[in-house]
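Accompanying notes for the structure given below.
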C-alpha cells in the first residue's frame, strides 16, 4: 500500500507543480497548500546543509488525532496542520532580518530507516522540488543570544470521497539571513484509518519521590506531594484507569506509614488510593537503589535496612496504615525471600510500630519483575534471581537481531527478559521532561510517528520506560492522550510470565559495568558508614543515628543520582553527614591560664562546625607534676557554635604546667582535634592571701574594738562631769 501511495504521490506532485499554486500530493487525492498566502506557497526550497552551528532552527507540529482528521475531512476536506518554529541566535552579533520557510517532504515515510534518513544529515532529496515550501514568514533582526518563536499553519486538502490512510511525513524549517542558513527537521503523523492494530505499549512508570536530604520523606513534603495538585497525586491521576505498569519505591510507602496517626490526611488517602489501583505493579529496591553497582563491588545481596525506629518512635499507631498481611502475589521486601511473610504486629497489637518489612511492603501483581539501571549490569539476568528482567535494547548485542518489531518478550540464557526500546523510551522521556509545549509536541510527534511505523497487523507489543526520577504525571497523561488520539498505541500490561522460557527468542547482552572510579566511590560510602558508626555516641540517641546512617547510605545509591549524574556530589554529602563530626568538632585555642589556689577549674572551649548537636567528652592530662586533673567532663555543643567545658584541676606545687586536651566520642573513639593550655600554678598564694586576709580582719577587729573602747571612756568621762554635786559659789 505504501509503495503505491509513494508512486502516486510523485506523479500527482509533478502534475500539480505546473500550476501557479504549488501543492504536494500526500496520497492520490490529498493536496497541500498554504492557508493564507498563495505567493508563499509557489516557492520551493532545496533544504541543504546547515551553514553555521551557532544559529539553530527548531520545528515542531501540534499532534493530530484520528477524530480531528475525520471531522476536518467531513466538514470541508481540509486538514489544518499547525506548529512552531524557534530560531535562536547563538552568535555574538546581531543577525539581520531573514526568512523562514516551512516545507513538507512529499514522500510517505514507511520505515524507521527512512525516518532516520530524513532526520539525519545524510538525507538528500530525490529532486530539488521534492521538499515543497508550504509556509513562509519573515523574521526581524535578532540580537545576540535572542530567540524568536513563530507559529505557522498549513492546510492539507483531502478529498472526502476517498479513505485517508494514516501516514508519516517529514517536515523541515529553514532560516536564512544574510547568507547564513540553518535547518531543523521533524516528522509528523497524519492519523487516518488503519488496517493494522495499535501497538500494545507496556509503559514502566516509577512511583517515586525526589531523594532529598532526609532519610525518609518529611511530613511537610508528603503533604505537598499528595495535595490535589501534588506530583504524586497527579501521577495517580495519569495512570488510574490505564494499564501502566507501576514500579513502586518502598521509600514512599515507608515514609507515609512511619508517621502513624500523625500522617497528613492527604498522604493517607493517597496511599489508600495507590493500594486500590488495578494497575500492574512491582517493587523497586528501597529508594530505587542501584543493585548493579553493589553486585559489581562484590556484595552477595543488596544492602538491607533493618529498622526505621528513628522515625516511628516519635509517633503513635492505630493500625490504619499497616499494610495487609502479604499474600502469594505480594512483593516481599527487596532482597528478602520470595516467600510470603505475614505482617508481624498489625493484627496482634495495632498500636505497635510496624517493623521495617511491614513499612516497606508493596502489594504488587508482578513480584518477579526486576528493573536494573540501564546498561550497567555485567549480567542483567543474574539480578533477576529467577524472575523476569527488564533490559534495555541498547545493551543487546548487534548480533541478536532484535528490533522493535521482534517483540518485547525474549530470553537471556535461561532467564525471561522484557526488552525495553531505548529509542522510544528516549522520546517518551523527552516528551515528559520538556519545558516548553513546542519541545513536547516535537517529541510526541516523533513518538507517534515511530510507533505508527512499527504497528503490525497482528498487534505488536513494545516496552518503554519513564525516567527513574519522579515522573511528571500531567505530561505523561498528555503523552498517553496523544498516543490514544492518534490510534497508534494503547497502554498495555506486560505479557504474562512465560510458562516455557526456553521457547522464547534468545537475545544476548553486552556486559555493562560502572567505572572503577564509581566503584571506588561506593567503597568510600561503605567506609564512611563504618566510620560514622564509631561516632554515634556523639549524639543524643546513638541507635537512631546508627539506623539513619544505613538508610541514607541506601538513598545515596538511588538510580536518580546516576540518571542526574550527581553521584560524586552525593558521596561528598554522605561523607559530610556520616563523618563530618570527626573533623568538625574541635578544641579552640586558649590563652595562658593563671591558677591561684589548690582547687579550681580550667575553661576549655569546644567548637562544632556541623549541622547537628553533639555531646563530646573532654579529657585532659597535666604535662607536669604541678597539677592533678579531675574526672572526664562532657559538654553539649549546638550546631555551628562554641561551648565551654570546665576542667577540674588540683594544684600540687607552684610552677608552670601544661594541660593536654583531647575530645572523645564515647569511651573508645578519640577525635583528631587536640589542645594544649599553659597554666601558671600559684598554689601558695592562696595561703598567703588567706593570712593577709586574716591579718586584715584581725587589724580591722582590733581597730574597731579600740575605737569602741575609746568612745565608751569618753562617754563615761562626760557623764561624770555633767552630774557633779559640788556647790557653786
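The values are calculated or read from the model by the stated rules, or taken from the named source; none is laboratory data. Keep in mind it's a predicted model, so treat the numbers as computed, not measured. In this analysis, Cβ positions are derived from the backbone assuming ideal geometry, glycine residues included, and neighbour counts consider all displayed protein chains.
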Subset of the stretch 380-402 (residues that are farther than 21 Å from residue 450 by Cα and part of a strand (DSSP E or B)): 388, 389, 390
- request: Scan the stretch 448-463 and give yes if some residue there is under 30 Å from residue 251 (Cβ atoms) and in contact with a strand residue (DSSP E or B) (Cβ under 8 Å, 6 or more places away or on another chain), otherwise no.
  value: yes
query: Does residue 65 satisfy the condition of being touching a residue at least 40 places away in the same chain (Cβ under 8 Å), touching a strand residue (DSSP E or B) at 6+ places or on another chain (Cβ under 8 Å), in the same structural domain as residue 150 (by TED's automatic domain parsing) and under 23 Å from residue 487 (Cα atoms)?
result: no
query: If residue 264 satisfies every condition in (1) modelled with pLDDT of 95 or more; (2) within 30 Å of residue 463 (Cβ to Cβ) but one, which is the exception?
result: (2)
- line: Taking the stretch 573-590 and the residues there that are out of contact with any helix residue (DSSP H, G or I) (no Cβ under 8 Å at 6 or more places or on another chain) and over 12 Å from residue 675 (Cβ atoms), the one that is surrounded by the fewest Cβ atoms within 10 Å (Cβ to Cβ) would be 583
statement: Checked against (1) in a helix (DSSP H, G or I); (2) crowded, with 24+ Cβ neighbours inside 10 Å; (3) touching a residue at least 40 places away in the same chain (Cβ under 8 Å), residue 447 satisfies every condition except (3)
- prompt: Name the residues in the stretch 648-679 that are assigned to a strand (DSSP E or B) and more than 30 Å from residue 576 (Cα to Cα), would you?
  reply: 648, 649, 650, 651, 655, 656, 657, 658, 659, 678, 679
- request: Only residues that are modelled with pLDDT of 90 or more and either out of contact with any helix residue (DSSP H, G or I) (no Cβ under 6 Å at 6 or more places or on another chain) or within 19 Å of residue 202 (Cβ to Cβ) (or both): list them for the stretch 398-413, please.
  value: 408, 409, 410, 411, 412
- prompt: Going by the conditions given, is residue 609 surrounded by 15 or more Cβ atoms within 10 Å (Cβ to Cβ), within 29 Å of the chain's Cα centre (by Cα) and closer than 22 Å to residue 304 by Cα?
  reply: no
- prompt: In the set 237, 200, which member is closer than 22 Å to residue 431 by Cβ, more than 18 Å from the chain's Cα centre (by Cα) and outside any helix (DSSP H, G or I)?
  reply: 200
Test: residue 563 is under 38 Å from the mean Cα position of the chain (by Cα), assigned to a helix (DSSP H, G or I), closer than 29 Å to residue 285 by Cα and at pLDDT below 95: yes
field: Test for residue 558: is it under 30 Å from residue 246 (Cβ atoms) and in contact with a strand residue (DSSP E or B) (Cβ under 7 Å, 6 or more places away or on another chain)
entry: yes
task: Would you mind telling me which numbered condition in (1) farther than 22 Å from residue 565 by Cα; (2) assigned to a loop (DSSP other than H, G, I, E, B); (3) touching a strand residue (DSSP E or B) at 6+ places or on another chain (Cβ under 6 Å) residue 375 fails?
output: (1)
field: Filter result (surrounded by 24 or more Cβ atoms within 10 Å (Cβ to Cβ) and within 20 Å of residue 474 (Cα to Cα)) within the stretch 210-224
entry: 222
- prompt: Would you call residue 301 modelled with pLDDT under 95 and surrounded by fewer than 24 Cβ atoms within 10 Å (Cβ to Cβ)?
  reply: yes
- prompt: Regarding residue 434, is this residue over 21 Å from residue 419 (Cα atoms) and at pLDDT below 85?
  reply: no
task: Name every residue in the stretch 612-624 that is farther than 29 Å from residue 213 by Cβ and either modelled with pLDDT of 85 or more or buried (at least 17 other Cβ atoms within 10 Å of the Cβ) (or both), in order of residue number.
output: 618, 619, 620, 621, 622, 623
- request: Might you check whether a residue that is within 26 Å of the chain's Cα centre (by Cα), more than 30 Å from residue 668 (Cβ to Cβ), touching a residue at least 12 places away in the same chain (Cβ under 8 Å) and not assigned by TED's automatic domain parsing to the domain that holds residue 615 occurs anywhere in the stretch 494-507?
  value: yes
field: Search result, residues across the stretch 517-535 that are more than 21 Å from the chain's Cα centre (by Cα) and touching a residue at least 12 places away in the same chain (Cβ under 8 Å)
entry: 523, 524, 526, 528, 529, 531, 532, 533, 534, 535
task: Might you let me know whether the stretch 403-422 holds any residue that is assigned by TED's automatic domain parsing to the domain that holds residue 485, in a helix (DSSP H, G or I) and under 25 Å from the mean Cα position of the chain (by Cα)?
output: yes
- prompt: Within the group 166, 238, 227, which residue is within 30 Å of residue 111 (Cα to Cα), surrounded by fewer than 24 Cβ atoms within 10 Å (Cβ to Cβ) and in contact with a helix residue (DSSP H, G or I) (Cβ under 7 Å, 6 or more places away or on another chain)?
  reply: 166
query: So is residue 420 farther than 29 Å from residue 82 by Cα, at pLDDT 90 or above and touching a helix residue (DSSP H, G or I) at 6+ places or on another chain (Cβ under 7 Å) or not?
result: yes
Subset of the stretch 617-673 (residues that are touching a helix residue (DSSP H, G or I) at 6+ places or on another chain (Cβ under 7 Å) and more than 18 Å from residue 537 (Cα to Cα)): 654
